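Worksheet: one structure, shown below.
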Amino acid sequence: MIDLSPEAFRQLGYRAIDILADQLANIRDLPTRQPVPDPLRDQFLHQPLPETGTEPTQLLENFATKVLPYPMGNASPRFFAWVNSPPAPLAVLAELLAAGMNPSVAGGDHAATYIEHAVLNWLKAIMTYPADSGGVFASGGSVANLIALAVMRHVKSGGQDRATGFQTHAAPLIVYTSTQGHGCIQKALEALGFGHQNLHKIPVDADYRMDLAALRAQIAADRAAGLNPVCVAASAGTVNTGAIDPLTDIADLCAAENLWFHVDGAYGGVGILGDGLAEHYRGIERADSLAIDPHKWLYMPVECGCAFVRDAAAMRDTFSLVPSYLRDDRALPWFSEFSIQQTRGFKALKLWMVLQQIGVEGYRQLISRDIELARILQARVRSRPDFELVAAGPLSVTCFRYTPAGVADVDQLNRQLAEIVQRSGQAFLTTTELAGQLVLRACIVNFRTTEADLDILLDAVATAGQSILAG
Ligand SMILES: Cc1ncc(COP(=O)(O)O)c(C=O)c1O
């Protein structure tokens, strides 16, 4: 029977919460991550299709013993990889409550719709973005960027995209991003039919920010070659180094050149709340579109992304199948008119709760603390003779290398030691490539990380490096 009695539901729910609360209680001492044992991996991959049922209590125990112990690691204070945060515990409960209600937030007159509007309005206020812009929740940063760039395509193709398809123009439409722009921009443009040859990647300056002079020159060269520049996709926080492109200069250039100004703030957008960082974000309020990603630095459980478009009517025109003469604007328009999705989950509830739990001031403190920890990590890297600091943007990413004297292949050493650290369970960080060099990359979007965790990370790196050198 698929339905549960209220009492059985209650008991199972208590057990599920106990399982997660036990994990929370031990999170500091648990390995950041541990490999899935081979037999268990085989068991997962070859599990037969269940013909008959199993008791839910047993399924919860299977989760506790076979799934939970092998996490990706991002709930741990020593997870420094990618841009994946621990989930705010209250948001975890909100996910349960949202699933319990299970509305489709396509639109309509029910509470979930109004809560999504409320949270979108709050996010606009945080981002200093116009209150009358269009907005919608999405699965994450990639889809938020896709939605925003779809609106750009609609506007810049003069609305042709919907009726006759796209890129039938004599002059191909050209989009610009920096060489540090996230891969999702390319994916979005490929999916939207631009073709990645029409995404021109602009070099970066010494701080990994889009080089404005190079951008200006490329636009001029493209116009001279008969191409049709239409959009700059800037980054407010690159994934590699946390660099923020010169937004206000790009806004000026876009205005002068009649280009759509898009900002990918998936990682760094909400860094606008960080102490003393507002200056870096000046100009973001002029963006034609903006993607942010609450499942990164606002500590929402995945999935939770968000797209904003300054011209709400253009956003609606991109996706709506309701002809304008039938639109009834006495009620709030349906979200399904602003995005590709029809049935939509109740993603706003978790952020609605946590924003009220800690307030914007709570987020200011958490984000500022992550950045402060990154500065402390950078100072420690500088103070250890075997380490080299390679890049440190204004946000919370640190790129560094383990470089003891006399090592011929530093790239190889760092690649190998990263794997050893990852397997050790002591900490988890990734590598990336900067200026042709392999570097270690530590990103702090984690309200659990402490200074002691930074020492554990650096000690783990040094120990792994020494063990490789000792053969
Ligand atoms: C700058 C930036 N843009 C876009 C994305 C893609 O976001 P998502 O993984 O939520 O799709 C990321 C992910 O790390 C990112 O850092």
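Taking the square roots of five times each eigenvalue of the Cα gyration tensor of region 111-229, the equivalent ellipsoid has semi-axes of 29, 20, 13 Å, listed largest first. Short-range pairs are left out: with C-alpha atoms under 8 Å and at least six residues apart, the relative contact order of region 103-345 is 28 percent.
Modelled spin labels at residue 256 and residue 68, positioned 7 Å past Cα toward Cβ, are 5.9 nm from each other.
Each Cα pair under 8 Å and six or more residues apart adds its separation to the average, and for region 363-469 the resulting relative contact order is 27 percent. A Förster radius of 45 Å combined with the Cβ-Cβ distance from residue 27 to residue 225 puts the calculated FRET efficiency at roughly 0.20.
Taking 7 Å steps out from each Cα toward its Cβ at residue 3 and residue 408 produces label points 7.3 nm apart. Taking 7 Å steps out from each Cα toward its Cβ at residue 36 and residue 214 produces label points 4.0 nm apart. With the cut-off at under 16 Å, measuring from each backbone N in region 123-164 to a point 7 Å along the Cα-to-Cβ line of residue 197 picks out no residue. The 3J(HN,Hα) values that the Karplus relation (6.51, -1.76, 1.60; θ = phi - 60°) gives for region 397-413 are, in residue order, 9, 10, 10, 8, 9, 8, 9, x, 4, x, 8, 6, 10, 5, 4, 5, 4 Hz. Gly and Pro appear as x. Relative contact order, whole percent, for the chain stands at 21, derived from Cα pairs under 8 Å and 6 or more residues apart. Scaling against 2.2 N^0.38 Å puts the C-alpha radius of gyration of region 103-345 at 0.98.
Sorting 335-348, 294-307 by average packing, meaning the other beta carbons within 10 Å per residue, from highest down gives 294-307, 335-348.
Of the residues 334, 122, the one with the fewest other Cβ atoms within 10 Å heads the list, and the complete ranking is 122, 334. Indicate the gyration tensor shape class of the chain (rounded, prolate or oblate), computed on the Cα atoms with a ≥ b ≥ c the square roots of the eigenvalues: a/c under 1.5 is rounded; otherwise a/b larger than b/c is prolate and the rest oblate. In terms of gyration-tensor shape, oblate.
Sorting 280, 110 from the fewest to the most surrounding beta carbons within 10 angstrom yields 110, 280.
Rounded to two decimals, the Cα radius of gyration of region 345-466 over 2.2 N^0.38 Å is 1.22. For region 378-420, the residues whose backbone nitrogen is under 20 Å from a point 7 Å from the Cα of residue 451, taken along Cα to Cβ, are 378-385, 396-398. What FRET efficiency do you get for residue 321 and residue 122 if R0 is 25 Å and r is their Cβ-Cβ distance, rounded to the nearest 0.05? My answer for the efficiency is 0.30. Taking the helices alone, the chain has a mean residue ellipticity at 222 nm of -13500 deg cm²/dmol, built from -39,500 (n - 2.57) per DSSP H run of at least 4 residues and averaged over all its residues. Candidate cross-link partners of residue 296 among the lysines, defined by an alpha-carbon separation under 29 Å and a same-chain spacing of 8 or more, comprise 66, 124, 187, 201, 347, 350. Exposure proxy ranking for 44, 79, based on other Cβ atoms within 10 angstrom of each Cβ and starting from the fewest, stands as 44, 79.
Quick note: the coordinates plus some simple rules give every number you see, no bench work behind them. Quick caveat: nothing in here was measured; it's all calculated off a predicted structure. Neighbour counts are summed over all protein chains in view; Cβ atoms, including those assigned to glycine, are modelled from backbone coordinates with ideal geometry.
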